[in-house]
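Heads up: the structure comes next, in structure tokens.
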Amino acid sequence: IEQKMELTIDQVVLDKLRNGNYLIQADYKRFMLELNSGEKIQNYDSNLSNNQPWFDKLLGGLTKLSLKYEVSPFGVVSNLKGFEEIMKNKYQHEEIVNFIKEFGTDRIISQLYNYIPKMKVEPEDQWKRIGTLPEMNNQLYDINFTLTEITAENCKIDLQATFKYNSDKKIIQNGKSLRVEVKGVQKGNIIVDSKNNMPLLSTINQGTEM
């Protein structure tokens, strides 16, 4: 199964707090998904009104997400709020609720800020992040960042990433028990406020093979 996904998130700095952290509001603006099983291709686009009803039921709540949290100058997230409304919605699909329980954490949201370099960078400089996410089946990731543009107002950072993991959950298909292996790539860019290194807009394209 091949999967392509695009996610756009708007982020606004609401305040700088006394502890030095920034208060952030992050709104999930657009989500696009394509699933290719070899036999058929299924598409979802939150900006369109002609999606299949079951896709809307499963994914429609994602673009209603509006999160608030604190983030330190080094990208550490705390006091995350915003997932509660979806969790309380009795009409929300169970798979989305389970996804939020598993991945709606400070540590996962902190990954939005792993672009922050540990040294001073200039245009065309590159840096890397390599790590493991225990919450996501010990997913291994390798991300390359490049500072491509800089102005007095903002900076543009391009990213290219690879990731892979083996799912601990077994799937029964045609009477056979299958273990899932996932690998993929990500490409996109992040627009960052030059004054505080906080993101203004990020667009990520992801391709996955299962």
In terms of modelled amide H atoms, which long-range or inter-chain residues lie less than 5 Å from the amide H of Leu200?
Ile191, Val192, Asp193
Between Trp54 and Lys128, what is the FRET efficiency for a Förster distance of 35 Å, r being their Cβ-Cβ separation, to the nearest 0.05?
0.35
Two-decimal Rg/Rh across the range 1-54, once Rg and the Kirkwood Rh are taken from alpha-carbon atoms
1.25
Between Gln139 and Thr105, what length comes free when the chain is fully extended (0.36 nm per residue of separation minus the Cα-Cα distance, one decimal in nm)?
10.7 nm
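Test of understanding: what is the full-extension gain from Phe74 to Asn19, defined as 0.36 nm times their sequence separation minus their Cα-Cα distance?
Working: separation 55, 0.36 × 55 = 19.80 nm, distance 1.31 nm.
Difference between extended and current length: 18.5 nm.
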Starting from the Cα of Lys81, step 7 Å along the direction of its Cβ; do the same at Lys64; then give the gap between the two resulting points in nm.
1.9
Pull up the cross-link candidates among the aspartates and glutamates for Lys164, meaning alpha carbon to alpha carbon under 16 Å and not fewer than 8 places away within one chain.
Glu2, Glu135, Asp142, Glu181, Glu209
Which listed pairs, of Lys81/Lys118; Lys4/Lys120; Lys120/Lys156, have C-alpha distances above 23 Å, in listed order:
Lys81/Lys118; Lys4/Lys120
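Where a number appears in this text, it was derived from the coordinates with a stated rule and is not lab data. None of these values were measured; they are calculated from a predicted model. Virtual Cβ from ideal backbone geometry, glycine too; neighbours counted across all protein chains shown.
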